[in-house]
1. Output yes when any residue across region 109-127 is touching a Cys at 6+ places or on another chain (Cβ under 9 Å) and crowded, with 21+ Cβ neighbours inside 10 Å, and no when none is.
2. Condition (residue is part of a strand (DSSP E or B), touching a strand residue (DSSP E or B) at 6+ places or on another chain (Cβ under 8 Å) and free of Cβ contacts under 8 Å to residues at least 60 places away in the same chain) applied to region 89-107: is it met by at least one residue?
3. Restricting to region 145-188, and then to whatever is buried (at least 23 other Cβ atoms within 10 Å of the Cβ) and among the small types (Gly, Ala, Ser), can you tell me which residue is modelled with the lowest pLDDT?
4. Looking at region 288-301, is at least one residue part of a loop (DSSP other than H, G, I, E, B), farther than 30 Å from Glu561 by Cα and either modelled with pLDDT of 95 or more or of a type in the set (Val, Ile, Thr) (or both)?
5. Return only the number of the condition from (1) at pLDDT below 95; (2) within 16 Å of Gln542 (Cα to Cα); (3) touching a strand residue (DSSP E or B) at 6+ places or on another chain (Cβ under 9 Å) that Glu523 does not satisfy.
6. Scan region 530-553 for residues that are of a type in the set (Ser, Thr, Tyr) and touching a Pro at 6+ places or on another chain (Cβ under 8 Å) and report the count.
7. Pick from region 254-313 the residues that are β-branched (Val, Ile, Thr) and closer than 16 Å to Leu334 by Cβ: which of them is farthest from the chain's Cα centre (by Cα)?
Amino acid sequence: MVTDPARAEAYRRAGHWDGTTLSGRLAEAAARRPGRPAVIDRDGAAVHSYAELERDVSTVAAWFDMQGVGAGDVVSIQLPNWYEFVVIAVATQAVGGVINPLLPIYRRKELLHAFTVAESKVVCTPATYRDYDHLTATAAVIEEAGRSIVHVVVDGTRPATVAGAGAGAATATAADGPTVWFADLLAGNDGDPTNDEGEREVPGPGPGPGHQRAASPPGAVSELIFTSGTEAAPKAIMHTEQTANFSVRVAGEDLGIGDDDVVWMPSPIGHSTGFNYGVRFAVYHGLPLVLQDRWDAGVACDLIAARVASYTLASTTFLQDLVAEAERRGDRRLGSMTRFGCGGSPVPPELVRRAAACGIGVLRLYGSTEVLVATWNRPDGPAGKAIDTDGPALRNVEVEVRDENGSVVDPGVAGEIHIRGPNTCVGFYRDPARTAATFGPGGWVRSGDLATMDEDGYLTVVGRKKEIIIRGGLNITPREIEDLLLDFPEVDRAAVVGLPHERLGERVCACVVLAPGTDLDFETMVGRLRTIGLATYKLPEQLEVLDALPVTASGKVQKFEIVHRLVGSPPGPEPSSQQGGNR
């Protein structure tokens, strides 16, 4: 744990870290309003009450007990935005296990890494999803990992035989871990009461609402979340009930969340954003959670309007698509969405203005899996700040901007963001080198992100420290150029990267996705940037027109992938390239 004992004790004394748990908050919500919708999924077609959620959580937790899943055991959940994900996650916490959300798009390489590093005891996947056979593929990864892992399969028709097992049986994999169908688990029927194949029995319904079992203390690790891929090697980030619940509690308080609010979550809940600020946020505050599985901006408009959704946290990609669809439709039903938390990639001020014209209140923010959300604009904050900045620190969270020597810079001067507070994670699992590089003395987290802070304490992110382009010894911040490009009417998306150059070290390459029916050439781009007044050494020396920017499932641009495509062997279609001379 990277938080020193004295500071941890201070957080406990101040009440920042308390004894609340996800399963405990569910029990409280179910007792208050058992009939209230807890999870609405399948594009609004399925509604599950808080009483139903607690009952199903209790059943799954009882099954975990019988499987020997308990304190410190990892349950990996690779499911879409479905109700079953919520059930399994809360049940995992209820028995003291560690919730390990995984994105549905992960395949062999990512899963093998996760199962091996996390030492997963249970893995939960769909049978098939988007025409991908998770049942067979996951069994193969489990076998390759050489671990005894129980595979829980959700939303599939159980085959008559699997891997040579008897008809209808829960089967043994090569690693001797059984396969169990989730529907059977809830029904208390494993399909093979004699267990001739040696599988563990699936219990009947749990002991019911309010059942108490021994669980890990709130300070124990309860989440293990792998970063989503803006870096080549993902980190396994550890959070506790104390760090995660503090974060969603203060976010709710600072945003003025009330009992009538409704959470809509299009971000994948197999990622920190969707899980903590969708699932955990809704259950902690006892609110309805509307899950959108497959991203479709038209469906999003309809869900928000039908469910009067008022809060979400999603990346710029989701917001761009939602606003474009609302504009195309002339949709004016989105006025309930007063708290659209947006971050993870640059949020253009003009997009915030366009969203407001559609009735959507955008609240820019800054955060990461390591610290969750650190700064967030408030609904009642100054309008100009909400448009142009990423907000002030949440209460009891400390944010500083420092120079290379570790000194706090003056207002308006760019430096690296450092964060300290009850929100920060407790380290990276089995990764001492990157833990030491990220966590400094006094509990401060080095973000690797660059920002300015104004005199009022409002942060504005300007880029990643590692993304700084050094051309001929001069530092260039990509975000500055990206913001200018996004003001071009032809440019829909933009990313600026540094490409290797023998003499200068790096040169600037602008990568853009154009709006339909438009064109942009290199000379026009450079001419406009010169007219705006961009310094000559910052001008892009190459323009790449792409069909799309490579992004993670949560919407973050993978710049390392762009560089790989341009200087290595691109895995996808060649971009259209235009170059200019060195300046």
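The values are calculated or read from the model by the stated rules, or taken from the named source; none is laboratory data. Please read all numbers here as calculations on a predicted model, not as lab measurements. So basically every Cβ, Gly included, is an ideal-geometry build from the backbone, and we count neighbours across all protein chains shown.
1. If we filter region 109-127 for residues that are touching a Cys at 6+ places or on another chain (Cβ under 9 Å), which is where we start, we get none.
No, every residue in region 109-127 fails to be touching a Cys at 6+ places or on another chain (Cβ under 9 Å) and crowded, with 21+ Cβ neighbours inside 10 Å.
2. Let us first name the residues in region 89-107 that are part of a strand (DSSP E or B), namely 98-101.
Those left that are additionally touching a strand residue (DSSP E or B) at 6+ places or on another chain (Cβ under 8 Å): 98-101.
Retained after the next criterion (residues that are free of Cβ contacts under 8 Å to residues at least 60 places away in the same chain): none.
No; the residues of region 89-107 include none that is part of a strand (DSSP E or B), touching a strand residue (DSSP E or B) at 6+ places or on another chain (Cβ under 8 Å) and free of Cβ contacts under 8 Å to residues at least 60 places away in the same chain.
3. Filtering region 145-188 for residues that are buried (at least 23 other Cβ atoms within 10 Å of the Cβ) and among the small types (Gly, Ala, Ser), the one modelled with the lowest pLDDT comes out as Ala169.
4. Here is the first cut: in region 288-301, the ones part of a loop (DSSP other than H, G, I, E, B) are 288, 292-296.
When the remaining residues are screened for being farther than 30 Å from Glu561 by Cα, the result is 288.
Okay, now just the ones that are also either modelled with pLDDT of 95 or more or of a type in the set (Val, Ile, Thr) (or both), so 288.
Checking region 288-301: at least one residue is part of a loop (DSSP other than H, G, I, E, B), farther than 30 Å from Glu561 by Cα and either modelled with pLDDT of 95 or more or of a type in the set (Val, Ile, Thr) (or both).
5. Of the numbered conditions (1) at pLDDT below 95; (2) within 16 Å of Gln542 (Cα to Cα); (3) touching a strand residue (DSSP E or B) at 6+ places or on another chain (Cβ under 9 Å), the odd one out for Glu523 is (1).
6. Looking only at region 530-553, we keep the residues that are of a type in the set (Ser, Thr, Tyr), and these are 531, 536-537, 552.
Keeping just the survivors that are touching a Pro at 6+ places or on another chain (Cβ under 8 Å) gives none.
Total meeting the criteria: 0.
7. Narrowing region 254-313 to residues β-branched (Val, Ile, Thr): 257, 262-263, 269, 273, 279, 283, 290, 299, 304, 308, 312.
Checking which are closer than 16 Å to Leu334 by Cβ leaves us with 262-263, 290, 299, 304, 308, 312.
On the way: Val262: 19, Val263: 15, Val290: 16, Val299: 21, Ile304: 20, Val308: 23, Thr312: 12 Å.
Per the criteria, the residue is Val308.
Residues are listed down the side, and each one gets a yes or a no for (1) of a type in the set (Ser, Thr, Tyr); (2) more than 24 Å from Val263 (Cα to Cα); (3) free of Cβ contacts under 8 Å to residues at least 60 places away in the same chain:
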| site | (1), (2), (3) |
| --- | --- |
| His48 | no, no, yes |
| Glu54 | no, no, no |
| Ala61 | no, yes, no |
| Asp73 | no, yes, yes |
| Asn81 | no, no, no |
